[in-house]
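The values are calculated or read from the model by the stated rules, or taken from the named source; none is laboratory data. Just so you know, these numbers come straight off a predicted model, no measurement behind them. Using ideal geometry, Cβ is built from the backbone for each residue, glycine included, and neighbour counts are taken over all protein chains shown. Surface accessibility is based on the protein's heavy atoms, side chains included, excluding ligands, DNA and RNA. Shrake-Rupley method; radii C 1.70, N 1.55, O 1.52, S 1.80 Å.
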Amino acid sequence: MVDNLKSRYTYAWVVLRGLVETDFKLRYQGSVLGIAWSVLKPLMMFCVMYVVFGKFLRMSDGTSTYPVVLLLGISSWQFVTESTNVGLRSVVERGDLLRKIHFPNYIVVVSATVGALISYAINLCVVLLFALVARVQFTWRVVLLPLNIIELYAVTLGLTLLMATMYVYFRDIAHIWEVLQQLVFYGMPIIYPLSYVTNRGGLYAELARLELINPFAQTIQDIRHNLIAPETQPTIWNSFDNPFIKAFPVVLTVALLWLGVYLFRRNSRKFAEVM
């Protein structure tokens, strides 16, 4: 029984690795710049956002590390959007493969998120290079970075599994998500520093702090805080005294991941019939 279970996990790992390698190669096949686009896309978006919001609208915290903080936030959100946009369609697009070869359906969704995670790792290397040029003073908090990335991956995977399940039955979910991800992006402190709103005081400050209850905002702020600027990047851990509020994003992450896995596994046997 142990050997059988081990062989099943080995087989699943081989299939996952094969899908990730294939997806990563096909993603940039026929492109002149190839894999460089995984870095160029967030860099181009960073340039536009920095000029518009940082220079013209002056939505900056006034520090020399703000451009690196902005780039890190855009790269982190790019991972979320790439994972969800590719992952929610993965079951339908891999329908022929799922009918021909027997392997756990969740692997096609995980392969999409792992491919995006590889691109994210490449982008983090670029962010680190910019941070060195900007003479960022790293602290002991960088050791917490893996935990932040694991949490960001967990909440992204949970959301992707949930939407991939819904997409099999309801194709309009892709269009709905395109709109929602824009609302979430501009509603989080990614292109503008949280201090830009909290400094106004009153109701604006309270609403800005409540943005950190969103697991995506919480993890991205934690990543920026621990890697680049602990002095200027507030997190939910130093913005609230209530331990229940601090724990809420983590609990929501676990709940979303559990719900995504549960609904996906419950409906996975019907996918072939519906498609």
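Taking the options 186, 169, name whichever one is open to solvent by 70 Å² or more (accessible area, probe 1.4 Å), in contact (Cβ under 8 Å) with a residue 60 or more places away in the chain and out of contact with any Leu (no Cβ under 8 Å at 6 or more places or on another chain). Just one listed residue meets the conditions, 169.
The requirement of being open to solvent by 10 Å² or more (accessible area, probe 1.4 Å), on the phi > 0 side of the Ramachandran plot and not in a helix (DSSP H, G or I) is fulfilled nowhere in the range 189-198; no residue meets it. Against the numbered list (1) open to solvent by less than 40 Å² (accessible area, probe 1.4 Å); (2) among the small types (Gly, Ala, Ser); (3) more than 16 Å from residue 186 (Cα to Cα); (4) at pLDDT below 70, residue 83 comes up short only at (4).
For (1) out of contact with any strand residue (DSSP E or B) (no Cβ under 8 Å at 6 or more places or on another chain); (2) of a type in the set (Ser, Thr, Tyr); (3) open to solvent by 20 Å² or more (accessible area, probe 1.4 Å), each residue gets a yes or a no:
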residue: 145; (1), (2), (3): yes, no, yes
residue: 149; (1), (2), (3): yes, no, yes
residue: 156; (1), (2), (3): yes, yes, no
residue: 173; (1), (2), (3): yes, no, no
residue: 179; (1), (2), (3): yes, no, yes
residue: 206; (1), (2), (3): yes, no, yes
residue: 210; (1), (2), (3): yes, no, yes
residue: 215; (1), (2), (3): yes, no, no
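Do we have any residue at all in the range 216-238 that's under 30 Å from residue 89 (Cβ atoms), in a loop (DSSP other than H, G, I, E, B) and in contact (Cβ under 8 Å) with a residue 12 or more places away in the chain? No: zero hits.
Whether any residue in the range 125-141 is surrounded by fewer than 18 Cβ atoms within 10 Å (Cβ to Cβ), in contact (Cβ under 8 Å) with a residue 40 or more places away in the chain and polar (S, T, N, Q) is what I want to check. Yes.
Is it true that some residue in the range 42-58 is modelled with pLDDT under 75, open to solvent by 20 Å² or more (accessible area, probe 1.4 Å) and outside any helix (DSSP H, G or I)? Yes.
Looking across the range 251-274, the residues that are closer than 17 Å to residue 212 by Cα and either open to solvent by 60 Å² or more (accessible area, probe 1.4 Å) or at pLDDT below 90 (or both) come down to 251, 252, 254.
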